[in-house]
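S.K.: Quick one: this structure, given as structure tokens, is what I'll be asking you about.
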Amino acid sequence: MKRVVFFFSLIAAALFSFAAFAGIKQDFSYRFLWPADLSQPGKNLRELKVKAIGAETAYTPLGKAEVEIFELSDPKGELVARAKAITISGRDDLLIFMTETLKDISAPTGRFEDPHFALPAIKPDRRFNYVLDFKEEEFVTPSHRPHPTSGPVAMYNRDLQVLMMSPLDTFMAALQAPVNGEWRCGFGGLVEKIPAGTVSQTILVSGNGINASFMKWGSLIQQWHRHQTADAYADAAMSRLGYWTDNGSYYYYRTEPGINYQDTLLAIKSYADRQGIPYGYFQIDSWWYPKAEIDLKSSHNRGGVLLWEPIPEMFPQGLAEFRKQLGLPLAAHNRYVADTSPYCQKYNCVFSIGDKRRGAFPTDPKFWDEIMDNAVKSGVTVYEQDWLYTHIDMIPWMRTGLHNAEGWYDNMASAAGKRGLTMQLCMASPGFLMQALKHPVETHIRTSHDYKGGIAKAFFWVPFHKAGLFAWSVGLWPFKVNFQSTAGQKPAYNIIPEANPMEEALVASLSGGPVGPSDKIGASDRELILKTCRKDGLLLKPDRPATPIDIMFVYNQRLLGGKKPWVVTTESNHEIGKTVYLAAFNLWPQSMYQPYVSLAEAGISGKHLIYNYLTGEYKILDDRIDFGVMRPEKAYYYVLCPVLANGMSMIGETGKFITLSQKRFPSIKLENETLIMQVEGVPGEQIGISIYAPKPLQDISSKDLITKPKLEPGIVNFKLTIPDSGKTTVTVR
């Protein structure tokens with residue numbers, strides 16, 4: 001409320017025509033709906049009469065804006081709300097509605113999915129016959145059917161004209177519910193009171209292309225909340241190779257025979273050191289702290305946390321001493337609190353009602369101070385809050401107050417930030433991604449369900465990449481979850497072991513998020529793991545997460561079928577241009593019949609050298625990539641390198657999945673006919689580099705070359721050693 005008042009406290013009167021937002025206005029119609037009986041909100045909604053009463057100029061985080069103000073009256077003529085339609089000066093692709101209630105609503109609708117009112121109700125133009133939204137459940141499940149959601153809704157057509165819509169604030173209570181072709185914008189129907197003066201905010205953005213429209217919408221909403229995209233190397237989990245013990249890992253609720261967790265993890269570290277696998281942190285999952293035992297009628301009747309402290313038998317000397325022996329920082333998991341937890345004797349708690357998980361939540365902000373203090377003293381630098389949606393779903397208090405869930409989340413994020421911790425979000429519903437816009441501490445989010453090695457990859461990779469686009473648009477990096485680097489390992493709760501370890505490692509690397517092997521001692525594929533990072537474990541990343549190319553949202557809407565293979569791309573940008581990494585997977589062999597993609601469909605124009613990463617073959621093309629016969633679930637991976645003015649193409653370090661990472665090649669320039677590259681790494685590290693030359697080269701020069709390469713036309717490979725300074729320069733003529 002204070003923010004809205006501030007925006008409009010500097011207003012100068014001006015004349016303003018509704019036609020000022022005619023551009024985006026052509027994409028939808030709208031109306032305002034209000035309950036006929038305030039004691040029964042959500043039912044018998046009546047259309048309100050709209051009366052324009054004036055226009056203003058305002059200053060918003062998006063710049064100077066024109067505002068038209070309306071009074072909204074019920075059929076009896078009683079004034080019940082006031083609306084503002086806001087456009088930003090100089091653009092017609094953006095519209096914001098701010099509506100203020102003028103009467104109390106003092107009852108819930110009884111169902112979260114049914115908002116009390118529709119302020120406004122948005123009906124997209126009939127040409128937008130496709131939809132992409134995100135369900136109100138864990139891991140923000142993407143769907144191509146209309147679902148109530150607190151996240152963005154993309155409405156689009158086969159020509160990839162797009163209308164984006166989302167709440168602009170009050171994210172943990174906001175709701176957009178589809179009813180008879182309209183989207184009713186309001187608040188979740190379990191909110192017990194919406195007082196007069198409450199403001200509901202909705203933003204609509206038009207664009208072309210799914211990826212571009214998500215990024216446009218995300219950029220605007222980040223700017224509105226003065227939020228910045230998380231740095232690619234913001235914390236240990238984001239910057240270093242890590243060892244993971246969460247669900248699906250070999251050591252999830254299992255140790256080496258006859259020893260505790262402390263000694264098991266130290267043995268893993270010792271094995272990794274011998275093998276030259278450079279882990280930079282360890283993740284400890286929910287097995288490390290005591291939990292209540294509940295009756296889930298399953299093999300693991302684990303309830304909420306009793307104390308967020310180590311089980312003594314697992315860490316006899318404590319977590320801080322273990323971390324000291326390990327010599328690495330920790331990423332530590334947390335879940336919901338048990339209703340029998342001592343925390344609920346120390347702090348006021350709200351409880352689940354009739355839920356078999358028997359959860360609770362301490363409402364006192366000091367609870368989070370205690371949790372985060374424990375993290376700091378134990379050597380934890382990345383705090384992982386799991387079961388996020390579960391909190392919302394099982395504890396009614398979270399949804400009965402307009403700001404209850406918001407306050408709970410804000411207290412957690414603020415306590416972490418005050419102590420220099422960063423956060424990973426896990427099992428989040430859409431409102432959590434949106435609320436993270438108000439904090440700088442969240443760096444990444446798991447947008448993949450728990451790892452189940454041998455289960456069909458279509459159930460994991462397709463929703464992971466779509467949800468990753470949502471996460472990235474609001475400034476969060478997606479995390480694929482852990483994986484095993486060799487086939488055949490069988491974690492405790494996996495029926496079918498992993499069969500595609502290379503593909504799992506590739507998907508993780510292309511995501512730009514954490515990379516977390518979770519192997520049994522003695523079972524790691526060192527060569528595969530090192531394709532993701534430098535010798536010191538620093539991850540070699542693309543500039544953005546891999547996302548589905550736009551045609552995937554037209555042709556491959558169903559989880560179990562589509563005529564095209566699943567195709568995702570990401571990129572590295574340098575002075576010489578954009579290098580694209582393209583991965584294709586046949587996830588539905590029963591229905592896929594077009595094993596190719598055009599460069600235009602991948603968003604690429606002009607001649608490119610198409611380098612087949614797995615075979616080393618290459619072609620110069622400007623039309624399309626034919627994948628040939630595609631084996632189910634196997635990766636077909638290409639590096640698409642722009643052809644430079646002198647005919648050369650820079651392929652990069654082919655020993656890594658991301659061949660031209662900024663952390664390996666901070667600068668690549670073409671000056672006259674000379675290619676100049678800056679190369680970074682670990683002193684003593686040997687690096688293999690590949691370039692393409694259409695004719696014999698004159699020279700490849702660097703004081704750190706290991707041997708002089710052949711200068712013949714075609715792919716030219718050479719090696720160099722990183723000097724003590726960690727940096728070197730290579731020139732190619």
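The values are calculated or read from the model by the stated rules, or taken from the named source; none is laboratory data. Remember, it's a predicted structure, so these values are computed and weren't measured experimentally. A quick note on method: Cβ atoms are made from the backbone with ideal geometry, for glycine too, and the neighbour counts reach across all protein chains shown.
S.K.: How many residues are within 19 Å of residue 372 (Cα to Cα) and polar (S, T, N, Q) if we restrict to the range 418-444?
M.R.: Total satisfying the criteria: 3.
S.K.: Let me ask another. When the range 541-555 is examined, which residues are found to be hydroxyl-bearing (Ser, Thr, Tyr) and within 17 Å of residue 161 (Cα to Cα)?
M.R.: If the condition is that a residue be hydroxyl-bearing (Ser, Thr, Tyr) and within 17 Å of residue 161 (Cα to Cα), then 555 is the only one that fits.
S.K.: Looking at this structure, is residue 401 in contact (Cβ under 8 Å) with a residue 24 or more places away in the chain, farther than 27 Å from residue 140 by Cα, surrounded by fewer than 21 Cβ atoms within 10 Å (Cβ to Cβ) and not assigned by TED's automatic domain parsing to the domain that holds residue 173?
M.R.: no
S.K.: Can you tell me which residues in the range 413-451 are in a helix (DSSP H, G or I), among the small types (Gly, Ala, Ser) and touching a strand residue (DSSP E or B) at 6+ places or on another chain (Cβ under 8 Å)?
M.R.: Scanning the range 413-451 gives 413, 416, 431, 436.
S.K.: Within the range 84-96, is there a residue that is at pLDDT 95 or above and closer than 18 Å to residue 434 by Cα?
M.R.: yes
S.K.: Right, something else. Report the residue count in the range 565-591 for those that are modelled with pLDDT of 95 or more, part of a loop (DSSP other than H, G, I, E, B) and either of a type in the set (A, V, I, L, M, F, W, C) or over 26 Å from residue 671 (Cβ atoms) (or both).
M.R.: Matching residues across the range 565-591 total 3.
S.K.: Against the condition of a type in the set (Gly, Ala, Ser) and within 16 Å of residue 551 (Cβ to Cβ), how does residue 616 come out, does it pass?
M.R.: no
S.K.: Oh, and also: What are the pairs with Cβ atoms under 9 angstrom where one residue, in the range 131-149, is crowded, with 18+ Cβ neighbours inside 10 Å and the other, located anywhere, is acidic (Asp, Glu) and part of a loop (DSSP other than H, G, I, E, B)? Sequence gap at least six, or different chains.
M.R.: 136/113; 147/113; 147/136; 148/113; 148/114; 148/136; 149/136
Let's see how each residue does on (1) modelled with pLDDT of 95 or more; (2) more than 27 Å from the chain's Cα centre (by Cα); (3) under 26 Å from residue 219 (Cα atoms); (4) charged (D, E, K, R):
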site: 366; (1), (2), (3), (4): yes, yes, no, yes
site: 369; (1), (2), (3), (4): yes, no, no, yes
site: 376; (1), (2), (3), (4): yes, no, no, no
site: 379; (1), (2), (3), (4): yes, no, no, no
site: 400; (1), (2), (3), (4): yes, yes, no, no
site: 403; (1), (2), (3), (4): yes, no, yes, no
site: 420; (1), (2), (3), (4): yes, no, yes, no
site: 432; (1), (2), (3), (4): yes, no, yes, no
site: 445; (1), (2), (3), (4): yes, no, yes, no
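S.K.: Going by the conditions given, is residue 332 among the aliphatic types (A, V, I, L, M), touching a residue at least 24 places away in the same chain (Cβ under 8 Å), under 30 Å from residue 538 (Cβ atoms) and part of a strand (DSSP E or B)?
M.R.: So residue 332 passes the test.
S.K.: Checking residue 660 against (1) surrounded by fewer than 17 Cβ atoms within 10 Å (Cβ to Cβ); (2) part of a loop (DSSP other than H, G, I, E, B); (3) touching a Ser or Thr at 6+ places or on another chain (Cβ under 9 Å), only one condition comes out false. Which one?
M.R.: (1)
S.K.: Give me a count of the residues in the range 278-299 that are buried (at least 16 other Cβ atoms within 10 Å of the Cβ) and touching a Gly at 6+ places or on another chain (Cβ under 8 Å).
M.R.: So the count comes out to 9.
S.K.: Return the residue satisfying two criteria in turn: it lies in the range 612-639 and is in contact (Cβ under 8 Å) with a residue 40 or more places away in the chain, more than 18 Å from residue 714 (Cβ to Cβ) and not basic (Lys, Arg), and of such residues it is surrounded by the most Cβ atoms within 10 Å (Cβ to Cβ).
M.R.: If we take residues in the range 612-639 being in contact (Cβ under 8 Å) with a residue 40 or more places away in the chain, more than 18 Å from residue 714 (Cβ to Cβ) and not basic (Lys, Arg), then 625 is surrounded by the most Cβ atoms within 10 Å (Cβ to Cβ).
S.K.: Go through (1) closer than 22 Å to residue 497 by Cβ; (2) at pLDDT below 95; (3) not β-branched (Val, Ile, Thr) for residue 293 and report which single condition fails.
M.R.: Of the numbered conditions (1) closer than 22 Å to residue 497 by Cβ; (2) at pLDDT below 95; (3) not β-branched (Val, Ile, Thr), the odd one out for residue 293 is (1).
Results for (1) in contact (Cβ under 8 Å) with a residue 24 or more places away in the chain; (2) surrounded by fewer than 21 Cβ atoms within 10 Å (Cβ to Cβ); (3) of a type in the set (Val, Ile, Thr), shown as yes or no for each residue.
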position: 324; (1), (2), (3): yes, yes, no
position: 341; (1), (2), (3): yes, no, no
position: 348; (1), (2), (3): no, yes, no
position: 354; (1), (2), (3): no, yes, no
position: 360; (1), (2), (3): yes, no, no
position: 365; (1), (2), (3): yes, yes, no
position: 369; (1), (2), (3): yes, yes, no
position: 375; (1), (2), (3): yes, no, no
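S.K.: Identify all residues within the range 213-235 that are part of a loop (DSSP other than H, G, I, E, B) and not aliphatic (A, V, I, L, M); write none if there are none. I'd like the intermediate steps shown before the answer.
M.R.: Of the range 213-235, the ones part of a loop (DSSP other than H, G, I, E, B) are 225-235.
Answer for the range 213-235, where residues must be part of a loop (DSSP other than H, G, I, E, B) and not aliphatic (A, V, I, L, M): 225, 226, 227, 228, 229, 231, 233, 235.
S.K.: Please specify each residue of the range 715-730 satisfying the condition of being in contact (Cβ under 8 Å) with a residue 40 or more places away in the chain, in contact with an Asp or Glu (Cβ under 7 Å, 6 or more places away or on another chain) and either assigned to a strand (DSSP E or B) or among the acidic types (Asp, Glu) (or both).
M.R.: Once the filter is applied, which keeps residues that are in contact (Cβ under 8 Å) with a residue 40 or more places away in the chain, in contact with an Asp or Glu (Cβ under 7 Å, 6 or more places away or on another chain) and either assigned to a strand (DSSP E or B) or among the acidic types (Asp, Glu) (or both), the range 715-730 yields 720, 727, 728.
S.K.: Another question, if that's okay. So residue 549 fits all but one of (1) touching an Asp or Glu at 6+ places or on another chain (Cβ under 7 Å); (2) aliphatic (A, V, I, L, M); (3) within 29 Å of residue 671 (Cβ to Cβ); what number is the exception?
M.R.: Status for residue 549: all satisfied but (3).
S.K.: Right, something else. If you go through the range 335-358 one residue at a time, how many are part of a loop (DSSP other than H, G, I, E, B) and farther than 18 Å from residue 382 by Cα?
M.R.: The qualifying residues number 13.
S.K.: Going by the conditions given, is residue 238 in contact with an Asp or Glu (Cβ under 8 Å, 6 or more places away or on another chain), touching a residue at least 12 places away in the same chain (Cβ under 8 Å) and in a helix (DSSP H, G or I)?
M.R.: yes
S.K.: Hey, could you check the range 258-298 for residues that are part of a loop (DSSP other than H, G, I, E, B) and under 29 Å from the mean Cα position of the chain (by Cα) and say which is nearest to residue 357 (Cα to Cα)?
M.R.: Among them, the one singled out is 289.
S.K.: So if I check each of 78, 71, which one is surrounded by 16 or more Cβ atoms within 10 Å (Cβ to Cβ), among the charged types (D, E, K, R) and either closer than 26 Å to residue 36 by Cα or free of Cβ contacts under 8 Å to residues at least 60 places away in the same chain (or both)?
M.R.: Selected residue: 71, the only one of 78, 71 that is surrounded by 16 or more Cβ atoms within 10 Å (Cβ to Cβ), among the charged types (D, E, K, R) and either closer than 26 Å to residue 36 by Cα or free of Cβ contacts under 8 Å to residues at least 60 places away in the same chain (or both).
S.K.: Related question: For residue 522, all conditions in the list (1) surrounded by 20 or more Cβ atoms within 10 Å (Cβ to Cβ); (2) not in a helix (DSSP H, G or I) hold save one; what is the number of the exception?
M.R.: It is condition (1) that residue 522 fails.
S.K.: Between 54, 42, which is in contact with a strand residue (DSSP E or B) (Cβ under 7 Å, 6 or more places away or on another chain) and assigned to a loop (DSSP other than H, G, I, E, B)? Before the answer, list the steps.
M.R.: Working: 54 fails: assigned to a loop (DSSP other than H, G, I, E, B).
Only one candidate passes the filter, namely 42.
S.K.: Do you know which of the residues in the range 670-714 that are part of a strand (DSSP E or B) and out of contact with any Lys or Arg (no Cβ under 9 Å at 6 or more places or on another chain) is surrounded by the most Cβ atoms within 10 Å (Cβ to Cβ)?
M.R.: Here the residue is 691.
S.K.: Within the set of pairs 6+ apart or on separate chains, which have a first residue in the range 86-110 that is within 18 Å of residue 56 (Cβ to Cβ), a second that is at pLDDT below 95 and surrounded by 22 or more Cβ atoms within 10 Å (Cβ to Cβ), and C-beta atoms under 7 Å apart?
M.R.: Every condition considered, the pairs that remain are 87/21; 95/21.
S.K.: Condition check: part of a loop (DSSP other than H, G, I, E, B) and either touching a His at 6+ places or on another chain (Cβ under 9 Å) or over 30 Å from residue 476 (Cβ atoms) (or both). Does residue 136 satisfy that? Before you say what the answer is, go through the steps one by one.
M.R.: Values: part of a loop (DSSP other than H, G, I, E, B): yes; either touching a His at 6+ places or on another chain (Cβ under 9 Å) or over 30 Å from residue 476 (Cβ atoms) (or both): yes.
When the stated conditions are applied, residue 136 passes them.
S.K.: Something else: Please indicate, with yes or no, whether at least one residue in the range 59-81 is of a type in the set (Gly, Ala, Ser), outside any strand (DSSP E or B) and within 34 Å of the chain's Cα centre (by Cα).
M.R.: no
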